[in-house]
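Below you'll find the structure, written out as structure tokens, and then a few comments.
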Amino acid sequence: MVKNRKIPAPKEGDIFTIPLDTGRVAVGQVVASLHRAYYIVVFDVAVPANEMPLRTPEALRAKPILAGLTFDALIRHGHWHVVDHRPVDSKKFLPAYKTGAGHLGNCMIEDFKGKVWRPATPLEEEIIPFREFDSPISFEMAMKAHIGLTPWDESYERIRVGEVVTSADLFGEY
């Protein structure tokens, strides 16, 4: 933990490391911010910590394995380290969300920022998730489980990358 040193809030494009075990880290990137939360992706790669940020290009070519909205507590407290900054294509990552309830006739689809919305089709109501936030430690624990250091817990499924309907898919340029 870093004491007596203010670590700035992360920015879109920041690349950070997540400690996994002695000497290895996972690599993630901040895709966007929403109020006081951050949409992050964590790539399917574990690299020696002492080789970062030289391994950043390789890490960013890896497939995203985890994604979601979280908070900056582990960055701000120095547990996750920002090691680089690279442009990020938010159109390819940022999801659309649903709000309301179909049985009440008010299910809506909204873009990532919640600024553009419209009524949901029945298919969208079924497949698009509600906006949820996960703790940063959930991402760290899920990545450790993904590489076999700890058992996989079913609760990690909600941050595992799957088929995502993006804001750009539904609302055009984003």
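The values are calculated or read from the model by the stated rules, or taken from the named source; none is laboratory data. Keep in mind the model is a prediction, meaning the values are calculated, not measured. Methodologically, a virtual Cβ is constructed for each residue, glycine included, from the backbone with ideal geometry; neighbour enumeration extends over all protein chains shown. We work out accessible area using only protein heavy atoms, side chains counted, and drop any ligands, DNA or RNA first. Shrake-Rupley method; radii C 1.70, N 1.55, O 1.52, S 1.80 Å.
Quick check: net charge around Phe16, other residues with Cβ under 13 Å of its Cβ, Lys/Arg +1 and Asp/Glu -1?
-2
Between Val82 and Thr22, 0.36 nm times their residue separation minus their Cα-Cα distance comes to what?
Stretched fully, the Val82-Thr22 segment lengthens by 19.8 nm.
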Pick out which of Ser90, Ser33, Ser138 has the largest mean-square fluctuation in a Gaussian network model of the chain, springs linking Cα atoms closer than 10 Å.
Ser138
Dipole magnitude of the chain about its Cα centre (Cβ charges: Lys, Arg +1; Asp, Glu -1), debye to nearest 20:
700 debye
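Can you give me the accessible area per residue for the chain, using a 1.4 Å probe, in Å²?
With the other protein chains kept in place, the chain gives 55 Å² per residue.
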Rough spin-label spacing in nm, given labels placed 7 Å along Cα→Cβ, for Thr121 and Lys92
2.5 nm
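Ile7 to Leu104: FRET efficiency via 1/(1 + (r/R0)^6), r the Cβ-Cβ distance, R0 35 Å, to the nearest 0.05?
Calculated value: 0.20.
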From zero outward in steps of 5 Å, how is the percent of C-alpha pairs of segment 19-107 spread across the bins?
3, 12, 21, 23, 16, 10, 5, 4, 4, 2, 1
Please compute one quarter of the surface area of the Cα convex hull for the chain and express it in square nanometres.
10.8 nm²
The helix 136-146 Cα axis meets the longest alpha-carbon principal axis of the chain at an angle in degrees, between 0 and 90 and rounded to 10, of 80 degrees
Loop-resident GluC sites (Glu not before Pro) in segment 30-133 with no more than 10 other Cβ atoms inside 10 Å, DSSP not H/G/I/E/B, are Glu132
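Would you mind telling me the share, in percent, of accessible area of the chain contributed by carbon and sulfur at probe 1.4 angstrom? If you can, show how the numbers build up before the last one.
Values: 5210 of 9570 Å².
Roughly 54 percent of what the probe reaches on the chain is carbon or sulfur.
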